[in-house]
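Throughout, read-outs are computed from the coordinates displayed, never taken from laboratory work. The structure displayed is predicted, hence computed values, not measured ones. Virtual Cβ from ideal backbone geometry, glycine too; neighbours counted across all protein chains shown.
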Amino acid sequence: MDHVLNIADNYIFTPYVYPTSWPEDGALRQIISLWVMTNLGAVLIYLSFGTLSFYYVFDHKLMVHPLFIRNQIRKEIQLAAVSIFWMSFPTVAFFFWEIQGNSKLYDNISKSSLGWPGVFLSIAGFLFFTDMCIYWIHRSMHHKNIYKHLHKQHHIFKIPTPFASHAFHPVDGFLQSLPYHVYPFIFPLHKAVYLSLFVFVNIWTISIHDGDYRIPGPLICLINGAAHHVDHHLFFNYNYGQYFTLWDRLGGSYRYPSALLGKGPHDHIRKLMAEAAHTQ
């Protein structure tokens, strides 16, 4: 985040926002700046990619499904806005520790002991590590003593839209994002790669709520896509994974997508429409 902060300081904060008496390296100024950028960045990614997905990917016929609740899109966006706001506070703490040099983020690939191979290994490691951690965090959110207090808010959306992607209780949402922030404090990661992955995971989260249940055949058993995730919303105790199906398989919680068996939400809608046409 130090690169992003430097750019914001050079072009916005220093010339137009802060008084000259506030040095750029002042802790309070950095924390405030990070908080503003974190909120604006998260909202921008959520609303821009969520809106694009809703209008160009999401099948609006899903909105007539009996489990699609009244004013659902408004409720999804409202919950997401509240969650992003409160999640930004602990998130900024991690970003601040990073720019203070306490993480293993680095700038120069040529000075890294593993060079370019290390960059690709770190991407694979990031995806594996975060997928593993999120699986167990997500699964713990379904424990009967936790679920009703935190994760239940997300599960009121049985037929989610892309706007449900960030619609969590703030504590739930932050705990599931925690592996992303922890990783660079444990393993080396290039700064540009870290920022790219941070954007990627937000877009991926939108994509598994986008209602597009198509997935290439060879990847069905490997990738946790929207078809898998809608079954998680509908059937509760299955498909907790974020990117892959590995941990669901190891944890005994894998469910082959109903949508790919002709028993998904689209199939239910077609059945209802056929019945309605028959009665007419």
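Things worth noting here:
- Spatially, the stretch 249-280 and the stretch 175-189 are offset by 37 Å when compared through their Cα centroids.
- Degrees between helix 265-279 axis and first principal axis of the chain (Cα, 0 to 90, nearest 10): 30
- Over the chain, all Cα pairs binned in 5 Å intervals from 0 give whole-percent P(r) values of 1, 5, 11, 15, 16, 15, 13, 9, 6, 4, 2, 1, 1, 0, 0, 0, listed from short to long.
- Helix 191-207 vs. the chain, principal-axis angle (Cα, 0 to 90°, nearest 10): 20
- Helix axis angle, 72-99 relative to the chain longest principal axis, alpha carbon, degrees: 30
- Among the trypsin sites (Lys or Arg not before Pro) in the stretch 234-280, those placed in a DSSP loop whose Cβ has at most 14 other Cβ atoms within 10 Å are Lys263.
- Placed amide H near Leu105: partners under 5 Å, 5+ positions off or other chain: Leu189
- 5 angstrom amide H check on Phe244, placed H, neighbours 5+ away: Asn224
- The HN-Hα couplings worked out from phi for the stretch 174-186 by the Karplus form 6.51 cos²θ - 1.76 cosθ + 1.60 (θ = phi - 60°) are 5, 4, 6, 8, 3, x, 4, 7, 6, 3, x, 8, 10 Hz, whole numbers, x standing for Gly and Pro.
- Helical runs assigned H by DSSP (4 residues or longer) give the chain a calculated mean residue ellipticity at 222 nm of -19000 deg cm²/dmol, each run adding -39500 (n - 2.57) before division by the residue total.
- Residue pairs, from the table Lys148/Lys271; Lys75/Lys148; Lys75/Lys263; Lys75/Lys271; Lys75/Lys191; Lys158/Lys191, whose Cα atoms sit over 25 Å apart: Lys148/Lys271; Lys75/Lys263; Lys75/Lys271; Lys75/Lys191; Lys158/Lys191
- Per-residue Karplus couplings for the stretch 121-134, computed as 6.51 cos²θ - 1.76 cosθ + 1.60 with θ equal to phi - 60°, are listed in order as 5, 5, 5, 4, x, 4, 5, 5, 5, 5, 4, 4, 5, 5 Hz, Gly and Pro entered as x.
- The stretch 133-174 versus the stretch 1-45: alpha-carbon centroid distance in Å: 31
- Within the stretch 109-198, trypsin sites (Lys or Arg not before Pro) in DSSP loop having at most 12 other beta-carbon neighbours inside 10 Å: Lys111, Lys148
- Stokes-Einstein translational diffusion, the stretch 1-149 - Kirkwood Rh over all Cα pairs, 1.306 mPa s, 10 °C, in µm²/s: 82
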